[in-house]
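Input: a single structure, listed below in structure tokens.
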Amino acid sequence: MGNTDLSMDRRQLAITVVAVVVALVLGAGVAILATSGGDDDTVRTASGPGASSSTTATSSTGPGAATTTTRPPIVTVPTRPPGTVVVVPELTTTTRAKRPPRTSTTAPPTTAPPTTAPPTTVAPPTAAAETTTTAPEPTTTPEPSSTTTSTTTPVTSEVGVSSRHIRLAVIADDVDVLAGSRAWADVVNRRGGIGGRKVRLDLVPTDGTAEGYATAVTTACSRDLAIVASLSTFDGDTTPLDCGIPDIAIETLSEGAATHDSTYAAFPRRVGTVAVGPYRYLQSAVAGCCSQYVLVPDREPERAGTKAAIAAAAEIGFDTVATPDVAFDAPEADYDALAQDLLAADASFASSGLGLQSTVELRGAAARAGVTGIGAWYCDARCYDPSFLTEGSADVEEEYVAIETVPFSDRRRVPAMRTYLSATARSGETPDYDGLRAYVTGLLAQHALEAVVDAHGKSGITRTALLEALASVRGFDADGLIGATDVGDRTPNGCTVVLQVRGNKFERVDPTERGSLDCDAENLVELEP
């Protein structure tokens, strides 16, 4: 009995060993099959410039990104030389605040100053972009000293520069400018900052008054290295800039600001120099054009800007039918009377120097009056806004609009546009034309600051060095967002793109190639004093 039990135990042990061996063999086979490269529907993610074009991506960031589809290789568009144009993107239908007026030295016509003061608070910035909103009164914010930080970035004694931050002020009448500036700061800080320092933005509101603007500049003088992306109706008072602070403006709206030693603009303006690129296009593209009927604002600086545009158009061959004066608060009845006047006039070109809202009013009144025969309804970049499409609706069909940047719809051709749109989306903002121009101006500031670091080292960032770098900037194109610009000489580039409203969208009509701007030398006219 004992022998029998022992034999059974041995048989059971043998069976158990065989079972374990079989299990191990089967497991190895399954593992081999699982790791072999067979045909399947597995979605893999590829990243980096060297990724195969046959690789399928599960996700992508930025507007127009494809999902679970084969991603073609991205082609970087090289910097474009002068000789191309700018287009208006497919904008969303979000109402925007009124644009600040453009300088009286350039065409197309200018816009009215905001009727309300800008907001005094902004949405919290992302972790990458450090932004603060401050009152106009000068304040002092202590920066970390070299004894309390582990960074190896050299310390400088310059205002607004610490071992960790570069402080820059944003002074503007329009909150969209702040959004664009924040998008730029977000991108810069995500990429490591400038000279080993993060960019910190201070919003200094103007409160919609000349006094507010002057106080804002004074505040910036006391704590910021420079002013970036400034755009204010009240920049005519340049006395506060005498503190020596660099003013890197979007554009200047007065002759005093345009010629001040401390001011350089991403979109330079010059008294007596008027851009006529869109007018030249309309002359060649619209049959019977152009006999102009233009509404002239009853206040400055918009009035001078509109008159300069009318004179420049006449310089290249436009006839002038009528130029009635119009108030910004003109009632609907006044526009109905203007439409009757336009109906009786022998005009083929109609425009308003009062901007978006006036253009909508004029087009609506013209539709009610049955005005026909106008081959070219025209508006400047102030109408490049989603509210123009929503408020104007069918009445503004076929309106021509001109801008000075590539449009948002060029994002696939211009990598810098994709970067701007992605940064804007991260902050929950809506892309906007003035926001884009603020982003361009941020790139100008970055270009100059990096030149300072290259020339003087990380400890050499000073206001004087920054002004010297700005004076040396030639051919700046914001990575293809604008035409090549001589910033240091403060020379307008004359680059434009003509769009037309078609099917409640802005479509590029000249030049037709995406990513291009029309920068012909004949796009600028010099008016006699």
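The values are calculated or read from the model by the stated rules, or taken from the named source; none is laboratory data. In this text, all values refer to a predicted model and were calculated from it rather than measured experimentally. Note that each Cβ is placed from the backbone with ideal geometry, even for glycine, and that neighbours are counted across all protein chains shown. Remember, those area values only see protein heavy atoms, side chains included, never the ligands or the DNA or RNA. Shrake-Rupley method; radii C 1.70, N 1.55, O 1.52, S 1.80 Å.
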_Residue check for Q340: part of a helix (DSSP H, G or I), polar (S, T, N, Q) and crowded, with 16+ Cβ neighbours inside 10 Å_ = no
_Residues being buried (at least 24 other Cβ atoms within 10 Å of the Cβ) and farther than 15 Å from E302 by Cβ - total across the range 348-359_ = 2
*Options V525, V497, V501: the member that is open to solvent by 10 Å² or more (accessible area, probe 1.4 Å) and either touching a residue at least 24 places away in the same chain (Cβ under 8 Å) or outside any loop (DSSP other than H, G, I, E, B) (or both)*: V525
*Restricting attention to the range 477-484, does a residue exist that is outside any loop (DSSP other than H, G, I, E, B) and under 30 Å from S163 (Cβ atoms)?*
yes
*Give Y335, Y264, Y281 a once-over and let me know the one that is in contact (Cβ under 8 Å) with a residue 24 or more places away in the chain, aromatic (F, W, Y), outside any loop (DSSP other than H, G, I, E, B) and open to solvent by less than 10 Å² (accessible area, probe 1.4 Å).*
Y335
*asked:* Looking at T390 and the list (1) open to solvent by 30 Å² or more (accessible area, probe 1.4 Å); (2) in contact with a Leu (Cβ under 9 Å, 6 or more places away or on another chain); (3) modelled with pLDDT of 95 or more, which single condition is not satisfied?
replied: (2)
_Failed criterion for H447 (all others in (1) outside any helix (DSSP H, G or I); (2) surrounded by fewer than 24 Cβ atoms within 10 Å (Cβ to Cβ); (3) touching a helix residue (DSSP H, G or I) at 6+ places or on another chain (Cβ under 9 Å) hold)_ = (1)
*Go through the range 178-232 and give me each residue that's under 27 Å from S163 (Cβ atoms), in a loop (DSSP other than H, G, I, E, B) and among the acidic types (D, E).*
D224
*Hey, any hits in the range 401-409 for a residue that's closer than 16 Å to R191 by Cα and either in a helix (DSSP H, G or I) or not charged (D, E, K, R) (or both)?*
no
*Is it fair to say L203 is in contact (Cβ under 8 Å) with a residue 60 or more places away in the chain, surrounded by fewer than 24 Cβ atoms within 10 Å (Cβ to Cβ), in contact with a strand residue (DSSP E or B) (Cβ under 7 Å, 6 or more places away or on another chain) and under 21 Å from D432 (Cα atoms)?*
yes
